[in-house]
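K.L.:
Take a look at the following structure, please.
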Amino acid sequence: MARMKFLCDVERCIECNACVTACKNENEVPWGVNRRRVVTINDGSPGERSMSVACMHCSDAPCAAVCPVDCFYYTDDGVVLHDKDICIGCGYCFYACPFGAPQFPQDGAFGSRGKMDKCTFCAGGPEEDNSPEEHAKYGSNRLAEGKLPLCAEMCATKALLAGDGDTVADIYRERVTWRGSSGIGWGWGVAYGKAGLREGKAIEGKATGGE
Amino acid sequence: MSNNKQSRIRHHRMVVFSLLSLVVLTLVLPLIPYAIAELGETAGNVANPGTEYWRDVRQRDRIVTGTTQVRGVDTDVLINVTGEEWRQFRMGQLAPYGAIVLGVMVGILVVYYLVRGKIRIEAGRSGERVRRYTSAEMTVHWILAITFVLLALSGLILIYGRWVLIPLLGDAGFSATATASKVIHNYGGLLFAAIVPVAFFLYLKDSLFNLKVDAKWFLRAGGYLGGEEPSAEKVNAGQKAWYWVAMLGGFVLVASGLVLDFPNIFQQGREWLQGAHVIHTIVAIGVIVFFFVHLYLATIGVEGALESITSGHVDANWAKQHHDLWYKELQTGQGGGSASEEPSMSGGSHAGGVASPIAKD
């Protein structure tokens, strides 16, 4: 069985937010809920990097660990899903999640939380595959149709990769091998100036942080 | 002939030379990168930009927030670094240690009951009834008591239901219970927030510590562990301690609870929620532990105690035994009333039908 994974290559992400839009449209997520978001670090300064982030389908998921009603489950593909019929909207999964994946539509009096909604790796929920009930609660079940999540399929620069962890890792490893993984690879001096390299300064445009 | 010999020597030399160079090269070639690193140190000083980026994302050196087009709580944070700590607290510390603390307290009370039994009114009931609480004091007590029990119960269900109730009720059944617990907890908390300040001021006067009397009471542990029962005022030192635990704990619970309530209105960030949750649960477990003691002593622990808060009256001998200073005060007739009034017993469980020995209000 495959072990499904997302990977966002920060050297390639251009913050176009197409993944966010694709996800919203494909899964018809409730108003005010975004299952995926793009975060930019050091926006506007040299070394700016963007990354698309959603549920990362952890092996030992903190959300599943803290859920008071135990509504999470893992599929055979290692996708973390939850049962909205069981969820009580307490918000604990949101406290614990490292990636800010769980989202809550506003529901009921005084803005209390509705049932949690999050990225399903386009794998639906516990209902029958691609049934109207499943679609209404969880959105598309592309995995059941033999397709990968739409966010990754839509990614123009192929920064966002989704699929079996081994395959994703192979693609990424190949990329890193070709372009080099650090600031001391062959050709760096030529591309970014030998002076910067020799004096050990952060390389303009490539190093993160900016001042 | 000599030609042949010469070529053999040359061949021999070539073989030896090749072997030697092979050995030398095998030893030396792998050292070249080290030599380069040793001589051209500059290259090693350049930090890998990738490591800095990931350090930023994990917020190891500083708090890093990015920018994002998605509006919502904490959406500009890539990694919620405190989430895992909070998980460790709730699953690894709160749940097990909370269960141990509550269980140990219940165990102590059970053992105490088996060893000591009910604390009787030694002189027996006199039949004479003494006014202890006003109807306002009783009403506030019961509103506070009912809200507190509902909140404690629903809170404990949200912590321990996953292990205790799911096997009994099933997933869907427990989901309904948990939803009800959440609603009771969220809105019952508002009632609790309203009643705690009222209770605080209502019982404050009687609950201020009187060092001379109360220190002695504490030193003798109220006589519960043997020895003579120390003298006490209307409210003994243990009850005063419970007042302060419940009230100060109550204020903390209300404050931290309000931080946790209404997340979609105030848009609290996760650090606020996690911090408030940690404080809320630790204090709640502490107050519940004290509450067990209060519940035990007020019901099965001490004969004649419960009626004080259901009827507002206690037996005169009970007052003499447990609150001697208060009883003496009543005897000296503060406020004109007299404790040696005709016994107005028999069915005198209604405050209205009983003559009050002290005209307190």
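K.L.:
What single numbered condition from (1) in contact with a Leu (Cβ under 8 Å, 6 or more places away or on another chain); (2) within 30 Å of A:C97 (Cβ to Cβ) fails to hold for B:T299?
P.N.:
Exception for B:T299: condition (2).
K.L.:
Another question, if that's okay. Please tell me if B:L273 is assigned by TED's automatic domain parsing to the domain that holds B:L102, assigned to a helix (DSSP H, G or I) and within 23 Å of B:V73 (Cα to Cα).
P.N.:
Working: assigned by TED's automatic domain parsing to the domain that holds B:L102: yes; assigned to a helix (DSSP H, G or I): yes; within 23 Å of B:V73 (Cα to Cα): yes.
Against the criterion (assigned by TED's automatic domain parsing to the domain that holds B:L102, assigned to a helix (DSSP H, G or I) and within 23 Å of B:V73 (Cα to Cα)), B:L273 qualifies.
K.L.:
Quick one: is B:H322 within 14 Å of chain A (Cβ to nearest Cβ) and at pLDDT 90 or above? Steps first, answer last, please.
P.N.:
Working: within 14 Å of chain A (Cβ to nearest Cβ): no; at pLDDT 90 or above: yes.
No: the conditions fail for B:H322.
K.L.:
If the Cβ limit is 9 Å and pairs must be 6+ apart or interchain, which residue in the range A:40-68 that is more than 9 Å from every other protein chain (Cβ to nearest Cβ) pairs with which residue that is assigned to a strand (DSSP E or B) and of a type in the set (S, T, Y)?
P.N.:
Correct list of pairs: A:E48/A:T40; A:H57/A:Y74; A:S59/A:Y74; A:A61/A:Y74; A:A64/A:Y73; A:A64/A:Y74.
K.L.:
Of all residues in the range B:262-282, which are open to solvent by less than 40 Å² (accessible area, probe 1.4 Å), of a type outside the set (S, T, N, Q) and more than 8 Å from chain A (Cβ to nearest Cβ)? First the steps, then the outcome.
P.N.:
Taking the range B:262-282 and keeping what is open to solvent by less than 40 Å² (accessible area, probe 1.4 Å), we get B:262-264, B:268-270, B:273-277, B:280-281.
Retained after the next criterion (residues that are of a type outside the set (S, T, N, Q)): B:262-263, B:269-270, B:273, B:275-277, B:280.
Passing the criteria: B:G269, B:G275, B:A276, B:H280.
K.L.:
Taking A:E11 and the conditions (1) part of a loop (DSSP other than H, G, I, E, B); (2) facing another protein chain (nearest Cβ under 10 Å); (3) in contact with a Lys or Arg (Cβ under 6 Å, 6 or more places away or on another chain), which numbered condition does it fall short on, given that it satisfies the others?
P.N.:
(3)
K.L.:
A further question on this structure: Would you please name the residue that is modelled with the highest pLDDT, looking only at residues in the range A:23-40 that are outside any helix (DSSP H, G or I) and either of a type in the set (D, E) or surrounded by fewer than 18 Cβ atoms within 10 Å (Cβ to Cβ) (or both)? Reasoning before the result, please.
P.N.:
Narrowing the range A:23-40 to residues outside any helix (DSSP H, G or I): A:28-40.
Subsequent filtering for residues that are either of a type in the set (D, E) or surrounded by fewer than 18 Cβ atoms within 10 Å (Cβ to Cβ) (or both) retains A:28, A:30-32.
Numbers: A:E28: 92, A:P30: 85, A:W31: 81, A:G32: 82.
The residue in question is A:E28.
K.L.:
Could I ask something else about it? Out of curiosity, is A:D83 more than 10 Å from every other protein chain (Cβ to nearest Cβ), open to solvent by 10 Å² or more (accessible area, probe 1.4 Å) and in contact (Cβ under 8 Å) with a residue 24 or more places away in the chain? Show your work before the answer.
P.N.:
Details: more than 10 Å from every other protein chain (Cβ to nearest Cβ): no; open to solvent by 10 Å² or more (accessible area, probe 1.4 Å): yes; in contact (Cβ under 8 Å) with a residue 24 or more places away in the chain: yes.
Judged against the criteria, A:D83 is not a match.
K.L.:
Oh, and also: Would you call B:A43 facing chain A (nearest Cβ under 10 Å), in a loop (DSSP other than H, G, I, E, B) and at pLDDT below 80?
P.N.:
Working: facing chain A (nearest Cβ under 10 Å): yes; in a loop (DSSP other than H, G, I, E, B): no; at pLDDT below 80: yes.
Taking the combined requirement at face value, the residue does not satisfy it.
K.L.:
Another question about this same structure. Considering only the range A:100-122, state which residues are facing chain B (nearest Cβ under 7 Å) and under 13 Å from the mean Cα position of the chain (by Cα).
P.N.:
A:G100, the sole residue that qualifies.
K.L.:
Can you name the number of the only condition in (1) assigned to a loop (DSSP other than H, G, I, E, B); (2) surrounded by 20 or more Cβ atoms within 10 Å (Cβ to Cβ); (3) at negative phi that A:V20 fails?
P.N.:
(1) is the only condition that A:V20 fails.
K.L.:
Take the residues in the range B:116-161 that are of a type in the set (A, V, I, L, M, F, W, C) and either in contact with a Pro (Cβ under 8 Å, 6 or more places away or on another chain) or not in a helix (DSSP H, G or I) (or both); name whichever of them is most open to solvent (accessible area, probe 1.4 Å). Reasoning before the result, please.
P.N.:
Of the residues in the range B:116-161, the ones of a type in the set (A, V, I, L, M, F, W, C) are B:119, B:121, B:123, B:130, B:136, B:138, B:140, B:142-146, B:148-153, B:156-159.
Checking which are either in contact with a Pro (Cβ under 8 Å, 6 or more places away or on another chain) or not in a helix (DSSP H, G or I) (or both) leaves us with B:119, B:121, B:123, B:130, B:158-159.
On the way: B:I119: 11, B:I121: 11, B:A123: 81, B:V130: 1, B:L158: 22, B:I159: 21 Å².
Top of the filtered list is B:A123.
K.L.:
While we're here: Condition first: among the small types (G, A, S), more than 14 Å from every other protein chain (Cβ to nearest Cβ) and farther than 29 Å from B:Q321 by Cβ. Can you find one or more residues in the range B:151-173 that meet it?
P.N.:
Applying the first criterion (among the small types (G, A, S)) to the range B:151-173 yields B:152, B:154-155, B:161, B:170, B:172-173.
Add one more test, that the residue is more than 14 Å from every other protein chain (Cβ to nearest Cβ), and what stays is B:152.
Narrowing further to those that are farther than 29 Å from B:Q321 by Cβ: B:152.
For the range B:151-173, residues among the small types (G, A, S), more than 14 Å from every other protein chain (Cβ to nearest Cβ) and farther than 29 Å from B:Q321 by Cβ: present.
K.L.:
Across the range A:126-146, which residue is nearest to the other protein chains (Cβ to nearest Cβ) among those that are in contact with a helix residue (DSSP H, G or I) (Cβ under 7 Å, 6 or more places away or on another chain) and open to solvent by 10 Å² or more (accessible area, probe 1.4 Å)?
P.N.:
Narrowing the range A:126-146 to residues in contact with a helix residue (DSSP H, G or I) (Cβ under 7 Å, 6 or more places away or on another chain): A:127-130, A:139-142.
Those still in the list that are open to solvent by 10 Å² or more (accessible area, probe 1.4 Å) too: A:127-130, A:140, A:142.
Numbers: A:E127: 14, A:E128: 18, A:D129: 21, A:N130: 23, A:S140: 20, A:R142: 22 Å.
So, considering only residues that are in contact with a helix residue (DSSP H, G or I) (Cβ under 7 Å, 6 or more places away or on another chain) and open to solvent by 10 Å² or more (accessible area, probe 1.4 Å), the one nearest to the other protein chains (Cβ to nearest Cβ) is A:E127.
K.L.:
Spot the failing condition for B:R60; the list is (1) more than 7 Å from chain A (Cβ to nearest Cβ); (2) in contact with a Cys (Cβ under 8 Å, 6 or more places away or on another chain), and only one is missed.
P.N.:
All conditions are met except number (2).
Residue by residue, here is whether (1) closer than 24 Å to A:P102 by Cβ; (2) acidic (D, E); (3) away from chain A (no Cβ under 14 Å); (4) not in a loop (DSSP other than H, G, I, E, B) holds:
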position: B:R55; (1), (2), (3), (4): no, no, no, yes
position: B:R71; (1), (2), (3), (4): yes, no, no, no
position: B:L78; (1), (2), (3), (4): yes, no, no, no
position: B:V81; (1), (2), (3), (4): yes, no, no, no
position: B:E84; (1), (2), (3), (4): yes, yes, no, yes
position: B:L94; (1), (2), (3), (4): yes, no, no, yes
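K.L.:
Let me ask something else. Sort through A:D76, A:D70, A:D43, A:D9 and tell me the only one that's of a type outside the set (G, A, S), over 22 Å from B:M91 (Cα atoms) and in contact with a helix residue (DSSP H, G or I) (Cβ under 7 Å, 6 or more places away or on another chain). Quick ask: steps written out before the conclusion?
P.N.:
Working: A:D76 fails: in contact with a helix residue (DSSP H, G or I) (Cβ under 7 Å, 6 or more places away or on another chain); A:D70 fails: over 22 Å from B:M91 (Cα atoms); A:D43 fails: in contact with a helix residue (DSSP H, G or I) (Cβ under 7 Å, 6 or more places away or on another chain).
Sole residue among the options that is of a type outside the set (G, A, S), over 22 Å from B:M91 (Cα atoms) and in contact with a helix residue (DSSP H, G or I) (Cβ under 7 Å, 6 or more places away or on another chain): A:D9.
K.L.:
So how many residues does the range A:140-171 have that are on the phi > 0 side of the Ramachandran plot and touching a residue at least 24 places away in the same chain (Cβ under 8 Å)? Quick ask: steps written out before the conclusion?
P.N.:
Of all residues in the range A:140-171, those on the phi > 0 side of the Ramachandran plot come to A:146, A:158, A:163.
From what's left, touching a residue at least 24 places away in the same chain (Cβ under 8 Å): A:158, A:163.
Residues meeting the conditions: 2.
K.L.:
Which residues, taken from the range B:299-334, are in a loop (DSSP other than H, G, I, E, B), more than 31 Å from the chain's Cα centre (by Cα) and over 19 Å from B:H141 (Cα atoms)? Before the answer, list the steps.
P.N.:
Residues of the range B:299-334 that are in a loop (DSSP other than H, G, I, E, B), as a first pass: B:303-306, B:311-312, B:323, B:332-333.
Filter once more, so that each one left must be more than 31 Å from the chain's Cα centre (by Cα): B:304, B:311-312, B:323, B:332-333.
Result: B:H323, B:T332, B:G333.
K.L.:
What pairs come out if I take residues in the range B:215-231 that are open to solvent by 40 Å² or more (accessible area, probe 1.4 Å) and pair them with residues that are assigned to a helix (DSSP H, G or I) whose C-beta lies under 6 Å away, six or more apart or interchain?
P.N.:
Hits for this filter: B:F218/B:A237; B:E229/B:G223; B:S231/B:D324; B:S231/B:L325.
The values are calculated or read from the model by the stated rules, or taken from the named source; none is laboratory data. Worth saying up front: this structure is predicted, and the values here are computed from it rather than measured. FYI the Cβ positions are ideal-geometry reconstructions off the backbone, even for glycines, and counts take in every protein chain you see. Only protein heavy atoms, including side chains, enter the accessible area calculation; ligands, DNA and RNA are left aside. Shrake-Rupley method; radii C 1.70, N 1.55, O 1.52, S 1.80 Å.
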